[in-house]
Number of protein chains: 2
Amino acid sequence: MADIGTERVSFQADPSRYRHWRLAFDGPVATLIMDVAEDGGLRDGYELKMNSYDLGVDIELYDAVQRLRFEHPEVRTVVITSGKDKVFSAGANIRMLAASEHGWKVNFCKFTNETRNGIEDASARSGQTYIAAVNGTASGGGYELALACEYIMLIDDRSAAVSLPELPLLGVLPGTGGLTRITDKRHVRRDLADYFATRPEGLGGAKAVSWRLVDEAAPRSTWDQLIAARAAEFAARSSRPADAAGIELTPLDKKRTDNAVTYPHLEARLDAAAGVAEITIEGPGQDPPADAAGIQAQGAGFWPLAITRELDDLILDLRTNEPELGTWILRTHGDPSRVLAYDRLLLDHRDDWLVNEIIQYLKRTLKRLDVTSRSLIALIEPGSCFAGSLFELALAADRSYQLDGVFEDEDPEADPATVALGGMNFGPLPMGNEVSRLHIRFAGDEESVAKVTERTGAPLLAAEAAELGLVTFAPDDIDWAEEVRIAVEERASFSPDALTGMEANYRFAGPETMETKIFGRLTAWQNWIFNRPNAAGPEGALRRYGTGQRASFDRDRV
Amino acid sequence: MADIGTERVSFQADPSRYRHWRLAFDGPVATLIMDVAEDGGLRDGYELKMNSYDLGVDIELYDAVQRLRFEHPEVRTVVITSGKDKVFSAGANIRMLAASEHGWKVNFCKFTNETRNGIEDASARSGQTYIAAVNGTASGGGYELALACEYIMLIDDRSAAVSLPELPLLGVLPGTGGLTRITDKRHVRRDLADYFATRPEGLGGAKAVSWRLVDEAAPRSTWDQLIAARAAEFAARSSRPADAAGIELTPLDKKRTDNAVTYPHLEARLDAAAGVAEITIEGPGQDPPADAAGIQAQGAGFWPLAITRELDDLILDLRTNEPELGTWILRTHGDPSRVLAYDRLLLDHRDDWLVNEIIQYLKRTLKRLDVTSRSLIALIEPGSCFAGSLFELALAADRSYQLDGVFEDEDPEADPATVALGGMNFGPLPMGNEVSRLHIRFAGDEESVAKVTERTGAPLLAAEAAELGLVTFAPDDIDWAEEVRIAVEERASFSPDALTGMEANYRFAGPETMETKIFGRLTAWQNWIFNRPNAAGPEGALRRYGTGQRASFDRDRV
């Protein structure tokens, strides 16, 4: 939108300040009630009628999903329903979309997609299964929210329906995975899916069930009872612990200025002139606790959780508020052996519910990097700790540079930079394609993977790391400054759009999953459509919606 | 380009009329020499310097690839090389791209991609392996042509290099699969691939080999000898027959007016006002020959080959020359049992080289439908022959309608419409994702697949076909006209771009392959970039290239 950038968006939320959602708890079942405040839009110029949403509504949803996992080990089923009468959710707010700049729309869809993937991750990996209790009409993004749940119940009252009306009404695609989930997750036949997505009023009742659009339709008379029964069934199958205590996700200690974002373990310096954010992650300041109880005792202060939360917030902040910073430079600082020690602690206790949550959260945060439309360059210097889980940052980067030797002028006595692999690099933190970054890096070259596997745990100097293919370049002190400067300046000189396209392709070499199809094929098509006059032009469908005027289309098929 | 549409593009070519390619034969080795005529552009306004190409150059290449398969069973290795000094190919012509309308660029890339996929198909399925003998610099699409070959040889003369300079020089992506093949086919590490694609001058010699960009680099002194040796090695491994005679791909008997395209077995009526092409395919007029020798004797007149060639040409004609016809209605007419008889003949003799070529060609032609950006609606009426291989048309369609009963006013005594499955529906004609359309239709629902499999060969009336999920709708005579009319009119009222995006997603439910990634993720991003001001705007990189002025970018990352 025109005024994006005048006010920074904050991604920090707290249930006590929610304007759009309510959380209710009943033993193993939590109910997440969507009740959007019409006047609670993040920006001016639109009203959030009929449980339609904007980024602000989704920031609260994301917060709720995170807190349910960490603060509520007792919750085994989450029921998402609406607090409105006759409407579940009308989806993303159309006036907000119509008034938004292209980049805002794309970033908004990316975040909402990540949140919906997070819902699926909770169902799949945390024993916290989501049920959509669709107690009124669910349109577009409203139905897509339901599609992210494992089980969809639809009230059968002759008016409630699910629909994807984006194509006929707005000339765009359902933007949060609908077209992919409907076939690849729910196995709706593609010709029926075609008909469904051209029918603005959608489908309800028995037909919605027989077409697999929902799992169950039930009349109002048995509605509450049936939801309770289904919630109990899913809860009974859960692996969540019986008597664990949650840990509180305490407010982040964050300082934000125009030039820097600072957290206890993480700092980003923002250089608008160069188009660069220089990000430094601080390794653990102390040795890890001895066991899972020690982790629990440290709670949100436990280093892996603390750094993940900070990195998560920073990624979201920079993506939304600093679109002109096209290159992120990633550095680490600390003791690599300590990072590996924390990794081992996590891996040794990965069956613990909290440890599992921490690993899954780190996984999701690293996945955010993979789909971030910024060039990522890792700089591996003396004093850094690119080991194990933190080496994933270098693997996520488009390029990495490891100094061969030391900076003679700065600290000739320093230990040279090393990198190290650990168990975290071989599977527990997969990309969206379910493959480790290390395997994707070597693109099916099992011989190279075998060679690096042999060196797991060893500190690798630049020459060896480059030889093994773990870093891109290994310049020495003489060449370092010039080579890095050229790489960064060159990046800033290229077309930002072409970089986004190139990186989105290279980062996802190899196999595809539903998730990568959503961020790849579907998102790329949607971005194209968002950018076309038939949608976003003055006579386009998105801009004309609700004006009483029909869109005027260029009829040529491209 | 501005004047596209003033003159229709023809996709029919013949070696005797090639302006840009030469074919030379030496026993089992054919050499395909690219020697583009600078003044031979399909349109005015650009010169095809340095073996750069436009659609016209690629139409000849496609023709050569097809003829090598059908007319030259003796050819086991095809060497693609350049007839120019010091340059292999500069890729797609930049001035042509810069002057072209968005739709023209997208359609051009689609066709060039299909031709390159066809080259890989020949290597994989016909025992006709392609070697790129890169005897000079191969840039952008020039290198991508080499990437489509199984083996890439690069002359090592200190000037020859391979490169993908699109991003740094033009602000777009390599448009014909380069970013996908470099990682997924050649297993170049993605960080090296990143560096490579930002370096306009590319890489040559030993470095190009060690980065896997090419397979072999050789000096001029041993060049010809080495190519001959490699060509002989690949030829020795081929399954092509020793003493078969080719069949001639005789000129198509085609009539083309503004309102119709007519071939012996295929007709399309073009309705510009409705935005519809009504396509009718005629089934076989006689019973199939008895054996492979009979097929060989009929040559290009053999019905399956004849109809495939006509359909192939029609798809290319309509895609390029009739972009405003957004809906293609697919009908068939003939005897379904005869279609199944031809299918059985082909399947019984699929080890025969010619039969294999016919099946693979039909497969490629149906794949063209899958990536065609037009809504496809199959109408299954009395007298139709949607059986076996022709039922693939209904499976490729976004929707199908089968009449329940007969048209009472038209022909009350007619046999009701049926559809029938045959062996061709269960694997020999896969989509680009290597899965049959039938399996993709049921999206992993093996129970439904098992049910339809039981009914293989049986003529299925509308009610049963709908029940089995083989057709979308089965209206009766009373509803038919209205239901079909609404579907077609509605389609014409929707945003053409949104339809393209929706269809591209639904048609490729399920798994992905390198080929579907090229047409999905990569193409969708490229189309987005092509449509952005940073590339195609008056100050964009594509438009500014060669003017001496630098592009001016909106620096925001999207």
Could you tell me whether residue A:279 is surrounded by 14 or more Cβ atoms within 10 Å (Cβ to Cβ), in contact with a strand residue (DSSP E or B) (Cβ under 8 Å, 6 or more places away or on another chain) and not in a strand (DSSP E or B)?
no
Check residue B:240 against each of (1) part of a helix (DSSP H, G or I); (2) away from chain A (no Cβ under 14 Å); (3) farther than 20 Å from residue B:153 by Cα and name the one condition it does not meet.
(1)
Here are the criteria: (1) surrounded by fewer than 23 Cβ atoms within 10 Å (Cβ to Cβ); (2) out of contact with any strand residue (DSSP E or B) (no Cβ under 8 Å at 6 or more places or on another chain). Tell me which single one residue B:69 does not satisfy.
(1)
Answer yes or no: is there a residue in region A:53-61 that is surrounded by 22 or more Cβ atoms within 10 Å (Cβ to Cβ), more than 24 Å from residue A:136 (Cα to Cα) and in the same structural domain as residue A:204 (by TED's automatic domain parsing).
no
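What strands (runs of 3 or more DSSP E) completely inside region A:122-180 contain at least 3 residues that are closer than 21 Å to residue A:63 by Cβ?
A:129-134
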For region B:154-173, give me each residue that is touching a Phe, Trp or Tyr at 6+ places or on another chain (Cβ under 8 Å) and under 25 Å from residue B:218 (Cβ atoms).
B:155, B:160, B:162, B:163, B:164
Determine the pairs where a residue that is in contact (Cβ under 8 Å) with a residue 24 or more places away in the chain, located within region B:278-289, has a partner that is aromatic (Phe, Trp, Tyr) and outside any loop (DSSP other than H, G, I, E, B) with Cβ atoms under 6 Å apart, the partner being 6 or more residues away or on another chain.
B:279/B:328; B:284/B:303; B:284/B:342; B:288/B:342
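Tell me, yes or no, whether region B:51-68 has at least one residue that is of a type in the set (S, T, N, Q) and part of a strand (DSSP E or B).
Filtering region B:51-68 for residues of a type in the set (S, T, N, Q) gives B:51-52, B:66.
Imposing the further condition that a residue be part of a strand (DSSP E or B) reduces the set to B:52.
Yes, region B:51-68 contains at least one residue that is of a type in the set (S, T, N, Q) and part of a strand (DSSP E or B).
For every residue, the table says whether it meets (1) surrounded by 24 or more Cβ atoms within 10 Å (Cβ to Cβ); (2) in contact (Cβ under 8 Å) with a residue 24 or more places away in the chain; (3) over 24 Å from residue B:180 (Cα atoms); (4) in contact with a His (Cβ under 7 Å, 6 or more places away or on another chain).
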site	(1), (2), (3), (4)
A:465	yes, yes, yes, no
A:490	no, no, no, no
A:499	yes, yes, no, no
A:507	yes, yes, no, no
A:522	yes, yes, no, no
A:528	yes, no, no, no
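The rows are residues; the columns are (1) farther than 30 Å from residue A:441 by Cα; (2) not assigned by TED's automatic domain parsing to the domain that holds residue B:81.
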residue: B:212; (1), (2): no, no
residue: B:215; (1), (2): no, no
residue: B:218; (1), (2): no, no
residue: B:222; (1), (2): yes, no
residue: B:228; (1), (2): yes, no
residue: B:233; (1), (2): yes, no
residue: B:245; (1), (2): yes, yes
residue: B:248; (1), (2): yes, yes
residue: B:251; (1), (2): yes, yes
Condition check for residue A:219: within 28 Å of the chain's Cα centre (by Cα) and of a type outside the set (D, E, K, R)
no
Looking across region A:339-349 at residues that are of a type outside the set (A, V, I, L, M, F, W, C) and farther than 19 Å from residue A:309 by Cβ, the single one that is surrounded by the most Cβ atoms within 10 Å (Cβ to Cβ) is A:349
Consider residue B:539 against the criteria (1) more than 19 Å from the chain's Cα centre (by Cα); (2) in a helix (DSSP H, G or I); (3) charged (D, E, K, R): it satisfies all of them except one. Which criterion is unmet?
(2)
Whether any residue in region A:216-227 is small (Gly, Ala, Ser) and under 30 Å from residue A:355 (Cβ atoms) is what I want to check.
no
Return yes when residue B:47 is within 14 Å of another protein chain (Cβ to nearest Cβ) and either surrounded by fewer than 21 Cβ atoms within 10 Å (Cβ to Cβ) or among the acidic types (Asp, Glu) (or both) and no when it is not.
no
I need the full set of residues from region B:435-473 which are of a type in the set (Lys, Arg) and more than 10 Å from chain A (Cβ to nearest Cβ), in order please.
B:451, B:455
Test: residue B:530 is closer than 28 Å to residue B:147 by Cα and touching a Cys at 6+ places or on another chain (Cβ under 9 Å)
yes
Return a yes/no flag: does region A:411-429 have any residue that is under 13 Å from residue A:370 (Cα atoms), aliphatic (A, V, I, L, M) and within 14 Å of chain B (Cβ to nearest Cβ).
no
Inside region A:181-190, the number of residues satisfying the requirement of being in a loop (DSSP other than H, G, I, E, B) and within 25 Å of the chain's Cα centre (by Cα) is 3
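Just the residues that are assigned to a loop (DSSP other than H, G, I, E, B) and either closer than 24 Å to residue B:391 by Cα or acidic (Asp, Glu) (or both), please, taken from region B:255-276.
Selection gives B:258, B:264, B:265.
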Could you please let me know if residue A:16 is more than 29 Å from residue A:261 (Cβ to Cβ) and polar (S, T, N, Q)?
no
Pairing a residue in region B:190-216 that is within 9 Å of chain A (Cβ to nearest Cβ) with any residue that is buried (at least 23 other Cβ atoms within 10 Å of the Cβ) and at pLDDT below 95, where Cβ atoms lie under 6 Å and the two sit 6 or more apart in sequence or on different chains, gives B:190/A:509
Condition broken by residue A:221, with the remaining ones in (1) within 14 Å of another protein chain (Cβ to nearest Cβ); (2) in a helix (DSSP H, G or I) satisfied:
(1)
Filtering region B:398-448 down to residues that are surrounded by 23 or more Cβ atoms within 10 Å (Cβ to Cβ) and of a type in the set (Val, Ile, Thr), which residue is nearest to residue B:344 (Cα to Cα)?
B:419
Identify, by number, the condition in (1) within 12 Å of chain A (Cβ to nearest Cβ); (2) in a helix (DSSP H, G or I); (3) not acidic (Asp, Glu) that residue B:508 doesn't meet.
(2)
In region A:364-410, residues that are farther than 16 Å from residue A:438 by Cβ and either in a helix (DSSP H, G or I) or outside the structural domain of residue A:341 (by TED's automatic domain parsing) (or both) total 3
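The values are calculated or read from the model by the stated rules, or taken from the named source; none is laboratory data. As the structure is a computational prediction, the values presented were derived from the model and not from experiment. Ideal geometry is used to build each Cβ from the backbone, glycine not excepted, and the neighbour counts take in all protein chains shown.
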